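The values are calculated or read from the model by the stated rules, or taken from the named source; none is laboratory data. Everything quoted here is computed from the prediction, not taken from an experiment. Using ideal geometry, Cβ is built from the backbone for each residue, glycine included, and neighbour counts are taken over all protein chains shown. Only protein heavy atoms, including side chains, enter the accessible area calculation; ligands, DNA and RNA are left aside. Shrake-Rupley method; radii C 1.70, N 1.55, O 1.52, S 1.80 Å.
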Amino acid sequence: MQITTSRGLATRGGEIMCGIVGYVGKKDSLQLLFDGLSRLEYRGYDSSGIAFKNGSGIEVYKAPGKLKDLQKILPKPLPAITIGIGHTRWATHGAPSAANAHPHTVKGVSVVHNGIIENYRELRAELASAGHVFTSQTDTEVVPQLIARYLDRGLPIEDAIRGAIAHLRGAYALGIIHEGTPDTLFAIRNGSPLVIGIGTDAQYIASDVPALLPYTKNFIYLEDRHMAVLRSSGIDLKHIESPEPLQLEGKVVTVNWTSEMAEKQGYDHFMLKEIYEQPQGVMDTLREWIDDTNKLMEEMGIASAIKDLRRLHIAACGTSYHAGLVGRYMIEKFVRIPVAVDIASEFRYMCPIIPKGTVLITITQSGETADTLAAQREAKEKGARTLTICNAVGSTTTREADSVLYTRAGLEIGVASTKAFTAQLAALSLLGIALGTKKGKLSDLEIQTLKPFLLDLPRLIRLALQTDGAVKEIAKTLVDAKSMLYLGRGINYPIALEGALKMKELSYIHAEGYPAGEMKHGPIALIENGVPVVFLATIESLHEKILSNIEEVKARGGRIIVVTDSPAAFRDKADDMIVVPSTHPALVPFITVIPLQLLAYHVAVIKGCDVDQPRNLAKSVTVE
Ligand code: F6R
């Protein structure tokens, strides 16, 4: 999940995942900015800073390390402020130091930035030769330097910002305040996410909704190349190229997330809390459409096209891609049309064939994943109808797709996706049933059989969560493992991939997922004494085949861990067994994934890994 940017190797976090907060209002404590930054900590960072206006100028405080290090140098008691910006930075360019931390301030212009200014080297050289003195090694500093240049030429602040932006290439979300412009906070977006929070007598900006949940539920997801001019009394939205205000109508979304959702509520980690929230997320997602799948088809705009629907495409990344693979099994079973599932970052480069009538489904928790967005845009450009399955109301994929099927997992903060995954499976099962019914491939009887199983899933997931104690015991024995294999067949194969992904990203143990039948074509070479192999064995028709795979691993000394709903069938063969409840064969992934999430969680905790913010990772990847 590491990604290479034009600046070399960056991470799924890095400077691209910095956190921004900003406030303009009648008066509030500096604590507001500090708390906002605390709620963005999950994005990962290694330095932070705050700038605010006092009566006479801009005060800036910056520190390497964690927010507690910033707290130490902030004035005490924290002053009341009317305007300010804050930032958490994860260095990729220039060491994590006070000098490189944001905000960067030049001649009374203070800037926080999330993204990459790709042409900063040229700009920096040009500005330096014109006498500008740089005090950091960051790409960001060219922004206040450019704005200051235009201010020196006599331009008013807004025009100076426009002038500066015209020079920038790359991705950026910016928050800007200016010493000489009272009560005005500027926010600009091009490629990196930024939300505007709308309050009464106060307006806010942030990289993500959770930072602002205590203050407002009303948000505008700033669009690319838009600028917001925020004053305590209200907001003007503009194109970056033009001073004319745009209509606000239709742009404000109200979220039903609460600030409590952004807290751990007694759990040790967000990830654990989110694992336990899965019965709710699945139910909330199903509830919206389960009784009216015809209406779902209409809402998705597919109802009239259904007769000619020959094929579906799915594109997604990481865990969402694994949901897509499960979706393929479900949809092909229920609808009897082929479904192609692609990793979104590959989609564009494989010259996708998009005949008339193609529907591309993107699956994304955040709605901001750059590769997924690029796939959606590519398909749209080639004439496909686009549908996004997304968890973040108002995010970029939802704004750009022709239709949206929301997952109702609620706010997911743990970097490793868990409850969004099972909610995605719920959305895909709804879609499969809706399409299958409309296409006449699912009989009434089949639907009537399936529906009670779906509605029973929250209860079954709760039962699967009761494996926690047993899973924890197994986890204790895995901490020294160097490598693991996860094997499944049929619809459990994507869950083998997902189990392995969770294990590697959380506990840094090398783990691979394979279709069990593929093992003898290569991976079996990895089996030696003690190598843990997790088998997913919850589909009765495949038990025999799984048993032969178990024999093959056992013969080579591998350690057998079986996740099954049929303990009697595997008791003699397994070294360890995790017993889960049975369900409909098309729905087993909802159940088998649960102990695998718990297993990765416990191994990581025992190893002392940072579960909510695994190394090199952050919550959404907004560069390709
Ligand atoms: C793994 C994980 C990632 C994401 C992937 C896509 O635990 O969280 O693999 O699933 O980065 O993110 P979204 O779903 O936001 O597009």
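With N set to the number of residues, divide the alpha-carbon radius of gyration of segment 230-342 by 2.2 N^0.38 Å and report two decimals.
Values: Rg = 20.6 Å, N = 113, 2.2 N^0.38 = 13.3 Å.
Its radius of gyration relative to the 2.2 N^0.38 Å reference: 1.55.
Could you quote the convex hull projected area for segment 276-432, Cα atoms only and averaged over all directions, in nm²?
Approximately 8.2 nm², given one-decimal rounding.
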Looking at segment 173-242 from every direction and averaging, what is the projected area of its Cα convex hull in nm²?
4.5
Segment MET350-ARG377, extension gain: residue separation times 0.36 nm, minus the distance between their alpha carbons
8.3 nm
Nearest 500 deg cm²/dmol is fine: what mean residue ellipticity at 222 nm does the chain get from its DSSP H runs of n ≥ 4 alone, each adding -39,500 (n - 2.57), divided by its residue count?
-10000 deg cm²/dmol
Need the C-alpha centroid separation for segment 509-535 versus segment 464-484, integer Å.
17
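Cα convex hull of segment 344-477: mean projected area in nm², to one decimal? Before the final figure, lay out the partial values.
On the way: hull surface 44.1 nm².
Averaged projected area of segment 344-477's Cα convex hull equals 11.0 nm².
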Round to the nearest 10 and give me the degree value, 0 to 90, for the angle of helix 370-381's Cα axis relative to the longest principal axis of the chain.
80
Under 20 Å from the Cα of LYS472, which aspartates and glutamates turn up, not counting those fewer than eight places away in the same chain?
ASP268, GLU274, GLU277, ASP480, GLU498, GLU505, ASP565, ASP575, ASP576, ASP610, ASP612
In degrees rounded to 10, the 0-90 angle between helix 278-287 Cα long axis and the longest Cα principal axis of the chain is 90
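Give me Rg over Rh for segment 157-294, both radii from the alpha carbons and Rh done the Kirkwood way, two decimal places.
Details: Rg = 18.5 Å, Rh = 17.2 Å.
Ratio of gyration radius to Kirkwood radius for segment 157-294: 1.07.
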How big is segment 67-220 by Rg and Dmax over its Cα atoms, in Å?
15.7, 47
If a/c stays under 1.5 just call it rounded; otherwise compare a/b with b/c (prolate if a/b is bigger, oblate if not). Do that for segment 461-576, with a ≥ b ≥ c from the square roots of the Cα gyration tensor eigenvalues.
rounded
Taking 2.2 N^0.38 Å as the expected size of a compact globular protein, what ratio does the Cα radius of gyration of segment 325-367 give against it, to two decimals?
1.26
Filter on LYS419/LYS554; LYS295/LYS380; LYS273/LYS438; LYS333/LYS356 - keep pairs with C-alpha separation over 27 Å
LYS419/LYS554; LYS273/LYS438
Rounded, prolate or oblate: which fits segment 415-504 when a ≥ b ≥ c are the square roots of the eigenvalues of the alpha-carbon gyration tensor, with rounded for a/c under 1.5 and prolate only if a/b beats b/c?
prolate
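For a test of the definition: using alpha carbon positions, the gyration tensor, and the 1.5 limit on a/c, classify segment 139-193 as rounded, prolate or oblate. Working shown, then result.
On the way: a/c = 2.06, a/b = 1.32, b/c = 1.55.
Here segment 139-193 falls in the oblate category.
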If the cut-off is 15 Å between C-alpha atoms, which aspartates and glutamates fall inside it for LYS26, apart from same-chain ones fewer than 8 positions away?
ASP183, ASP201
P(r) weight above 16 Å for segment 26-112, C-alpha pairs, percent:
48
Expressed as a whole percentage, what fraction of the accessible surface of the chain belongs to carbon and sulfur atoms when a 1.4 Å probe is rolled over the protein heavy atoms?
50
Report the label-to-label distance for GLU179 and THR477 in nanometres (one decimal), using points 7 Å from each Cα along the Cα→Cβ vector.
6.7
Per Stokes-Einstein, at 25 °C and 0.890 mPa s, what whole-number D in µm² s⁻¹ belongs to the chain, with the Kirkwood radius over Cα pairs as the hydrodynamic radius?
96
For helix 318-335, what angle does its Cα long axis make with the longest principal axis of the chain, in degrees from 0 to 90 and rounded to 10?
50
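Keeping all protein chains in place, calculate the accessible area per residue for the chain (probe 1.4 angstrom), answer in Å².
On the way: 22910 Å² over 624 residues.
Here the residues of the chain average 37 Å² of exposed surface.
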Within segment 422-456, whose backbone N sits under 15 Å from a point 7 Å along Cα→Cβ of GLU298?
438
Percent breakdown of C-alpha pair distances by 5 Å bin, ordered from the shortest bin, for segment 568-624:
4, 13, 16, 16, 17, 13, 12, 6, 3, 1
Using distinct alpha-carbon pairs, which all enter the 1/r mean, Kirkwood radius of segment 81-127 in Å:
12.3
Give, to the nearest whole percent, the P(r) tail of segment 234-286 beyond 16 angstrom, counting all Cα pairs.
65
